[in-house]
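Q: Take a look at the following structure, please.
Readers should treat all values here as calculations from the given coordinates under stated rules, not as data from a laboratory. Just so it is clear, the structure is predicted and the values come from calculations on it, not from any experiment. Every residue, glycine as well, gets a Cβ built from its backbone with ideal geometry; the counts of neighbours run over all protein chains shown.
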Amino acid sequence: MSKKAQLIWNFNGQDGLKTAEHHLVHLKEFAQMESVPIIKSGVNKITPLSSRRI
């Protein structure tokens, strides 16, 4: 049985979107090194001052 987890981070401020995108790069690198499959990933801009990495 495989387990699934959903990880969500919120990044706030003027650079929130760039920070979320940068964080996603490192998450993908980690997943590749550890052979962890990523089913869904992305970045959502919530407001001009708030972004979410999923």
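Q: Can you tell me the length gained on complete extension of the stretch Gln6 to Ile39, counting 0.36 nm per residue apart and subtracting the Cα distance?
A: Full extension from Gln6 to Ile39 adds 10.9 nm.
Q: So, one more: Amide H to amide H, which residues 5 or more places from Ile54 or on other chains are under 5 Å from it, using H placed in the peptide plane?
A: Amide H neighbours of Ile54, under 5 Å, 5+ apart: Gly42, Val43, Asn44.
Q: Related question: So which trypsin sites (Lys or Arg not before Pro) in the stretch 9-47 are both in a DSSP loop and have at most 14 other Cβ atoms within 10 Å of their Cβ? Show your work: numbers first, answer last.
A: Working: sites: Lys18, Lys28, Lys40, Lys45; in loops: Lys40.
Those that pass, being in a loop and sparsely packed, are Lys40.
Q: Grab every C-alpha pair in the chain, bin the distances at 5 angstrom width from 0 up to the longest one, and report whole percents.
A: The calculated distribution, bin by bin, is 4, 20, 28, 21, 13, 8, 4, 1, 0.
Q: While we're on this one: Does anyone have the angle between helix 16-33 and the longest principal axis of the chain? Alpha-carbon axes, 0 to 90°, nearest 10?
A: 10
Q: Can you give the local net charge around Pro37? Use residues other than it whose beta-carbon is closer than 13 angstrom to its beta-carbon, Lys and Arg +1, Asp and Glu -1.
A: +3
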